[in-house]
Amino acid sequence: MKSEKGVTLASLAIYIVLIFIALAVLATVTSNFQSGIKEINQEGTEIAEINNFNIYFLQEVKKQGNKIISISDNEITFSTGKKYSFIEDENAIYLIETNANIKLAENIEACKFSNNIIDGKSVITVTIKAKNTEQVTQEYVLNNEEITFNYEDEEEYIYNNNTTNQTENNI
């Protein structure tokens, strides 16, 4: 008998079916990977919007002697004249100053400001819900303490704190 070397019709059909299965699996994996990357990119963009708001708001809260003039669910006004406002129609948070309005965050579904006094300190709670992300609640402690000492350099600060601590320990 002669040995038959070559590709039979049956083996050719099996090779073609296996190639189509491999291509289908590869197409499915690629499609799911791309949709996952788009979701991550969208979520990252919205988190960046919230972080942009946090940067401005944290600077405002940490100013010495700053106080809350008025607060409502969608708006907070500080003694510096700056107002942070959530505008539902635009799904955005604005910093409103006397000479400019700055859009701090967009694609925001909800934003709520509230104020509580905890341990004698004013705590501002901001709850933000951006599209396609979880609701985020941040608490900021208002730095409304008045400056009692004005130190010229580091040595003076250390000296005054050491003498204050020694006086307290002697009492």
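Just a yes or no: is a residue in the stretch 39-54 in contact with an Asp or Glu (Cβ under 8 Å, 6 or more places away or on another chain) and under 21 Å from residue 143 (Cα atoms)?
No, because not a single residue in the stretch 39-54 is in contact with an Asp or Glu (Cβ under 8 Å, 6 or more places away or on another chain) and under 21 Å from residue 143 (Cα atoms).
Filter the stretch 48-86 for residues that are touching a strand residue (DSSP E or B) at 6+ places or on another chain (Cβ under 8 Å), surrounded by fewer than 16 Cβ atoms within 10 Å (Cβ to Cβ) and among the aliphatic types (A, V, I, L, M) and give the result.
58, 69, 71
Looking only at the stretch 58-75, count every residue that is part of a helix (DSSP H, G or I) and of a type in the set (Gly, Ala, Ser) and tell me the total.
Residues flagged as part of a helix (DSSP H, G or I) and of a type in the set (Gly, Ala, Ser) within the stretch 58-75 amount to 0.
No value in this document is a laboratory result; all are computed from the given coordinates. A quick note: this is a predicted structure, and the numbers were derived from the prediction, not measured. Cβ: placed from backbone, ideal geometry, glycine included. Neighbour counts: every protein chain shown.
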